[in-house]
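Here is the structure we will look at.
Read the figures in this text as sums done on the coordinates, not as results from a lab. Note that the structure is predicted; figures quoted are calculated from it, not measured. Backbone-built Cβ (ideal geometry, glycine too); neighbour counts: all protein chains shown.
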Amino acid sequence: MSPSEKAASILKKRTTCELIEDLVFTNKVDSPNVFTVRGWILDELEHRNQEAFEAWLDFNGTDSSLHYFFNC
């Protein structure tokens, strides 16, 4: 299993609100891999609710504002 497949498996088990908190936390991480992890989280959020994800993108909001669009 590839690292991205492992990550996808782990992320699928987390609630949407947990994923948003994970994303917010990545802002405090200083690692070159953080962008990959953020991508995995954002992909999962988009997969779960594309309409809310696109509204958030159109809003040009912060990571924390995802709570509003995903009702967390």
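Taking into account only those residues within region 17-32 that are more than 11 Å from the chain's Cα centre (by Cα) and either within 20 Å of CYS72 (Cβ to Cβ) or of a type in the set (Ser, Thr, Tyr) (or both), which is surrounded by the fewest Cβ atoms within 10 Å (Cβ to Cβ)?
Taking region 17-32 as the starting set, the residues that turn out to be more than 11 Å from the chain's Cα centre (by Cα) are 27-32.
Now restrict to residues that are either within 20 Å of CYS72 (Cβ to Cβ) or of a type in the set (Ser, Thr, Tyr) (or both): 27-28, 31.
Details: ASN27: 11, LYS28: 7, SER31: 9.
By that ranking, first place goes to LYS28.
Quick one: what pairs do we get from region 53-70, first residue in contact (Cβ under 8 Å) with a residue 40 or more places away in the chain and closer than 14 Å to LEU23 by Cβ, second part of a loop (DSSP other than H, G, I, E, B) and not aliphatic (A, V, I, L, M), C-beta under 9 Å, 6+ apart or different chains?
LEU66/CYS72; PHE70/ASN49
Consider ARG14 against the criteria (1) surrounded by fewer than 13 Cβ atoms within 10 Å (Cβ to Cβ); (2) not in a helix (DSSP H, G or I): it satisfies all of them except one. Which criterion is unmet?
With (1) surrounded by fewer than 13 Cβ atoms within 10 Å (Cβ to Cβ); (2) not in a helix (DSSP H, G or I) applied to ARG14, the lone miss is (1).
Considering only residues that are assigned to a helix (DSSP H, G or I) and of a type outside the set (A, V, I, L, M, F, W, C), which ones fall in region 17-32? Can you show your working first?
Residues of region 17-32 that are assigned to a helix (DSSP H, G or I), as a first pass: 17-28.
Hits for region 17-32 are GLU18, GLU21, ASP22, THR26, ASN27, LYS28.
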